[in-house]
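Working notes, structure below.
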Amino acid sequence: MVGSQQIRSIAVFVRCRSRYQMGKKHMVAATFPACSQIILLNNSVLDHFAAHRQTGFCKREAGGQLFAKLDVGMLKIEVATGPYRSDHRSRFSYRSDPGLAQREIIKKKKSGLYYCGDWHTHPEDRPLASREDLRTIATLASRSDLRLNCVVMIIQGVLQGAEGLAVYSSNGVAVDRWTVLGGGFL
């Protein structure tokens, strides 16, 4: 059962310009020490998350899909979509419109971007995945037919920067929480 399993810390966010010599287009990188993989987040993706933070009591959760370019040992998350008007949104829950999400997946694939997971907001400073989030990402990974070996879930909290992000991945069997470091450079 996903809700009761232990979540391991498996990766670290680092400032990619200094460590990986990436261009200004990508500002945050995540490493996966067990297999030397890197995930890069485009600045526009981080801006999209920040624009939907639940900073007021009446703000509802928002979310959408993540799309990336695949490279050798690297997943470059270039686009975050959503929320859509027809999504189910409340203060403490979010469910994407599956029809619109699927259309976006097909559209982005035609432009060379691949669906790699989902993102959503939480109304807490430093977000943690709920039991429902953990079940959702594990189910999504086990049912998805992706070119990736895992599905990514990013949760944006109220705080900006690294402190306000939580990152999880699942291969359909285990859910792993990534350690986010380096607040202040996002």
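Points worth noting:
- Scanning the stretch 143-175 for residues that are among the hydrophobic types (A, V, I, L, M, F, W, C), farther than 21 Å from Tyr94 by Cβ and touching a residue at least 40 places away in the same chain (Cβ under 8 Å) returns Leu148, Ala162, Ala174.
- Selection within the stretch 70-92 - in contact with a helix residue (DSSP H, G or I) (Cβ under 8 Å, 6 or more places away or on another chain) and among the small types (Gly, Ala, Ser): Ala80, Gly82, Ser86
- Search result, residues across the stretch 63-77 that are in contact (Cβ under 8 Å) with a residue 40 or more places away in the chain and either farther than 16 Å from Glu104 by Cβ or over 14 Å from the mean Cα position of the chain (by Cα) (or both): Lys69, Leu70, Leu75, Lys76
- So Ala68, is it over 19 Å from Asp145 (Cα atoms), in contact with a Leu (Cβ under 8 Å, 6 or more places away or on another chain) and buried (at least 21 other Cβ atoms within 10 Å of the Cβ): no
- The requirement of being touching a Cys at 6+ places or on another chain (Cβ under 6 Å) and either buried (at least 22 other Cβ atoms within 10 Å of the Cβ) or part of a helix (DSSP H, G or I) (or both) is fulfilled nowhere in the stretch 43-57; no residue meets it.
- The stretch 78-92 residues that are without any contact (Cβ under 8 Å) to a residue 12 or more places away in the chain, paired with ones that are surrounded by 12 or more Cβ atoms within 10 Å (Cβ to Cβ) (beta carbon under 6 Å, 6 or more apart): His88/Arg95
- Among the residues examined, Val158 does not qualify as out of contact with any Cys (no Cβ under 7 Å at 6 or more places or on another chain), under 17 Å from Ile39 (Cβ atoms) and β-branched (Val, Ile, Thr).
- Criterion violated by Leu140 - all others in (1) surrounded by fewer than 20 Cβ atoms within 10 Å (Cβ to Cβ); (2) free of Cβ contacts under 8 Å to residues at least 60 places away in the same chain; (3) part of a loop (DSSP other than H, G, I, E, B) satisfied: (3)
- Scanning the stretch 54-79 for residues that are among the small types (Gly, Ala, Ser) and at pLDDT 95 or above yields Ala62, Gly63, Gly64.
The values are calculated or read from the model by the stated rules, or taken from the named source; none is laboratory data. Note that the structure is a prediction, hence the values are computed from the model and not measured. All Cβ positions, glycine included, derive from the backbone under ideal geometry; neighbour counts span all protein chains shown.
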